[in-house]
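One structure below.
The values are calculated or read from the model by the stated rules, or taken from the named source; none is laboratory data. Not measured: the values here are computed from a predicted model. Neighbour counts are summed over all protein chains in view; Cβ atoms, including those assigned to glycine, are modelled from backbone coordinates with ideal geometry. Areas reflect the complete protein model, heavy atoms only, side chains present, ligands, DNA and RNA absent. Shrake-Rupley method; radii C 1.70, N 1.55, O 1.52, S 1.80 Å.
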Amino acid sequence: MGRFLAPALTKRALVVCGEPGIGKSTVWDAAVGMARSRGFAAWCARASEAEAQPSFAGVADLLEAAGAGVLAGLPGPQRHALEVAVRRAEPAGLLGVFRLVSDAGRLLVAVDDLPWLDRASAAALVFAARRLAGHDVRFLVSRHGGRSSELERVVEPAGVVRLELGPLSFGAVSRLLAGRLGRSLPRRVVRQVFETSHGNPLFAVELGRAVLERGLPEIGAGLPVPAMLGELFGARVGALPL
């Protein structure tokens with residue numbers, strides 16, 4: 001993280017990868033906060049499945065951080081193109097905004113859950129990223145593991161850092177449950193939560209809450225699995241012994 005945010009531009013993008021619930025958004029949030037504390041202008045968009053279809057929804061989120069002053073500083077044609085982009089026509093002005101802001105200081109463009117970014121916004125980011133040589137604009141994104149995104153492939157020659165998040169240890173899950181639930185569970189139950197969740201923090205916390213709501217399982221009994229986890233983890237939860 002420190003190298004990515006160093007004053008000298010050595011890496012263009014930081015990608016936080018991992019399975020659902022592993023803590024990508026938490027790390028993404030921390031990186032955004034660290035960037036701001038180091039003098040970056042940080043423009044953020046949180047992509048979601050519900051907003052994956054509307055054109056330029058992600059660009060609109062990013063530009064909320066720009067403010068009227070930045071947009072007013074653009075040449076007329078670029079400002080018009082950007083205004084048109086936000087109205088779902090074309091993305092030509094985003095590059096000009098990035099260049100303008102980076103001329104005044106370092107800019108971090110941060111997108112949480114990149115795969116759910118609408119296509120028009122994703123295309124606009126890629127268009128801009130191809131043309132930012134000489135400008136200190138860095139990208140912070142989170143996504144599931146697996147194949148890299150087009151944005152990553154475009155900036156790869158300028159340097160990409162990938163941070164793959166793994167499962168928590170038993171001790172970390174124990175501390176997480178105590179902190180989030182406000183009380184300690186018996187060690188045997190914590191062990192069940194750890195083994196059932198495979199160290200996934202979201203899964204572990206939801207299992208812990210279900211235990212508190214429904215009562216401690218008897219020795220040898222399985223854990224209650226909340227319905228939302230079935231939707232989140234699909235086949236894995238379906239294979240659990242209940």
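What to note about this one:
- Restricted to strands (runs of 3 or more DSSP E) entirely inside segment 90-164, those with at least 3 residues that are within 16 Å of A13 (Cα to Cα) and open to solvent by less than 50 Å² (accessible area, probe 1.4 Å) are 107-112, 137-143.
- For Q53, the test of being at pLDDT below 90, over 23 Å from P157 (Cα atoms), in a loop (DSSP other than H, G, I, E, B) and not aliphatic (A, V, I, L, M) is passed.
- Close pairs from segment 167-191: first closer than 14 Å to G23 by Cβ, partner open to solvent by 70 Å² or more (accessible area, probe 1.4 Å), Cβ under 7 Å, at least 6 apart: P167/H198
- Residue within segment 185-198 that is at pLDDT 85 or above, loosely packed, with under 13 Cβ neighbours inside 10 Å and assigned to a loop (DSSP other than H, G, I, E, B) present: yes
- Boolean, G208 is on the phi > 0 side of the Ramachandran plot and either surrounded by fewer than 18 Cβ atoms within 10 Å (Cβ to Cβ) or not in a loop (DSSP other than H, G, I, E, B) (or both): no
- Summed over segment 1-16, the residues that are under 15 Å from the mean Cα position of the chain (by Cα) and either of a type in the set (S, T, Y) or surrounded by fewer than 18 Cβ atoms within 10 Å (Cβ to Cβ) (or both) give a count of 1.
- Top-ranked residue of segment 18-48 - restricted to ones that are farther than 16 Å from F4 by Cα and among the hydroxyl-bearing types (S, T, Y), ranked as most open to solvent (accessible area, probe 1.4 Å): T26
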